[in-house]
Every structure is written in C-alpha cells, then in structure tokens.
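The structure appears below as structure tokens.
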Amino acid sequence: MIAAVDLFTEQGYDATTVAQIAERAGVTRSTFFRHFSDKREILVAGQQTLSKLLADGITEAPAEAGPLQAVAAGLERASGAIGRTNRELAPRIKAAVAASTELQERHALKSVGMAAAMTAALVARGVPEPTAHLAGELGVLAFKRGHAQWAESDADDDKGLAYHALAALAELRAATASLG
C-alpha cells in the first residue's frame, strides 16, 4: 500500500500502473493480483474489515445501549484497529482521492458499505429500520469527520482515532437536536 501511495503522490493516480506499483513494492504482478483486483482496491483495502468491525462493535454493545450508544461502540471497535501508518498515509490518500473521479466514486461506495453494515447490525438489535439507517449514516459521518481530525492533528496528539470519532458523533448528536 505504501508503495502505491508513494507513486500516486509522485505521478498521480491515473499515470501510475499496476506494474509500477508491483515493482516498487518488490512483488510480481501475479502477487499484486492475488491481493488486489486492480489499483483502486489498494486505497479501499480493509473496507470489509472496517465494516465488520463497526458492525461487531454494535452487535457487542450492551443490550440496554441506545442506537447511537451502539454506534459509538462500533466506532471504538473499528478505531482500535487503525494504526499510525493509516494516520501518516491519510493526507496523501485524501489527495489521491480528490484528484480522481474514479477514486471519489469508490470512496463513496465505501461509505455506503459502512452505513449498510451499521444499519444491519442495528436492525439485528431490534432498532426500527428508519432509526437504524439514520444512526448508521451518522456513524459514517462521525467516522469520516473523526478520521479527518485525527489525521490532520499534531503528530504528538495521543488522543487516538476513537477520541476524535466519538467527539464527532457527540457533535452530530447535538446538531440533530437543533433540527427541530
């Protein structure tokens, strides 16, 4: 992944080939294709794992937890799996996505997948579908806002992604109260 992000930064996403990525990573094209279906997949690697962690956190939340409390548990669970390398690569990945319509579309699909996983986990807890859908969408927005704040914060900020995601969720919860 680092090799690909380096190349995307140096020469742009569209100008980077799978052969170049494989060479920079020190693997063959065959090895590359065993792990990724195409170069787009590099930037969304881990999406299924992230969605599963979000859903697992929701599923394992205490039975008395409300929908947003369960979403918070999902955010904490998923945030714990995202480390320093992700934080260091985040601004470069953001730039690559911003420069490519293809990647923007794929990034949007990632958000849809995360929301669907959270919604399904909430519905399985007995949350009515409209409420589950809204809570899932708020969870995605909180994750994205929290991740952006975490990635852009000072490297000495030891609060972690979970702190930023939960703070974003609290802000969104307050904002929904003002909708009337």
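The values are calculated or read from the model by the stated rules, or taken from the named source; none is laboratory data. All values derive from a computational prediction rather than experimental measurement. Every residue, glycine among them, receives a Cβ derived from its backbone with ideal geometry; neighbour counts consider all protein chains shown. Surface areas here come from the heavy atoms of the whole protein model, side chains and all, with no ligands, DNA or RNA. Shrake-Rupley method; radii C 1.70, N 1.55, O 1.52, S 1.80 Å.
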Using only the alpha carbons of the range 113-175, determine the length spanned along each of the three principal axes and report them from longest to shortest in whole angstroms. 41, 23, 15
Let me know the charge dipole size of the chain about its Cα centre in debye, to the nearest 20, where only the beta-carbon of Lys, Arg (+1) and Asp, Glu (-1) is charged. 320 debye
Can you give me the distance in nm between label points at R92 and E41, each placed 7 Å from the Cα along the Cα-to-Cβ direction? 2.2 nm
Using a 1.4 angstrom probe and counting only protein chains, how large is the accessible area of S30 in Å², to 10? 70 Å²
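Rg/Rh for the range 69-175 to two decimals, with Rh computed the Kirkwood way over all alpha-carbon pairs.
0.99
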Alpha carbon centre of the range 24-39 versus the range 42-70: separation in Å? 29 Å
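Starting from the Cα-Cα distance between F33 and A99, subtract it from 0.36 nm times their residue separation and give me the gain in nm to one decimal. It would help to have the intermediate numbers written out before the result.
On the way: separation 66, 0.36 × 66 = 23.76 nm, distance 2.40 nm.
Fully extending the segment from F33 to A99 adds 21.4 nm.
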From DSSP H assignment alone, runs of 4+ in the chain each adding -39500 (n - 2.57), the sum over residues rounded to the nearest 500 puts [θ] at 222 nm at -24000 deg cm²/dmol
Karplus-derived 3J(HN,Hα) from phi for the range 143-149 (6.51 cos²θ - 1.76 cosθ + 1.60, θ = phi - 60°), whole Hz, x at Gly and Pro, runs 4, 5, 5, x, 5, 4, 5
Given the Cα atoms of the range 1-159, and with Rh set as the inverse mean 1/r over their pairs in the Kirkwood sense, what is Rg to Rh to two decimals? 1.02
Please list, in order, the residues from the range 35-55 whose amide nitrogen is less than 11 Å from a point placed 7 Å along the Cα→Cβ vector of A81. 46-55
How big is the accessible area of E152 in square angstrom, nearest 10, if you roll a 1.4 angstrom probe over the protein chains? 130 Å²
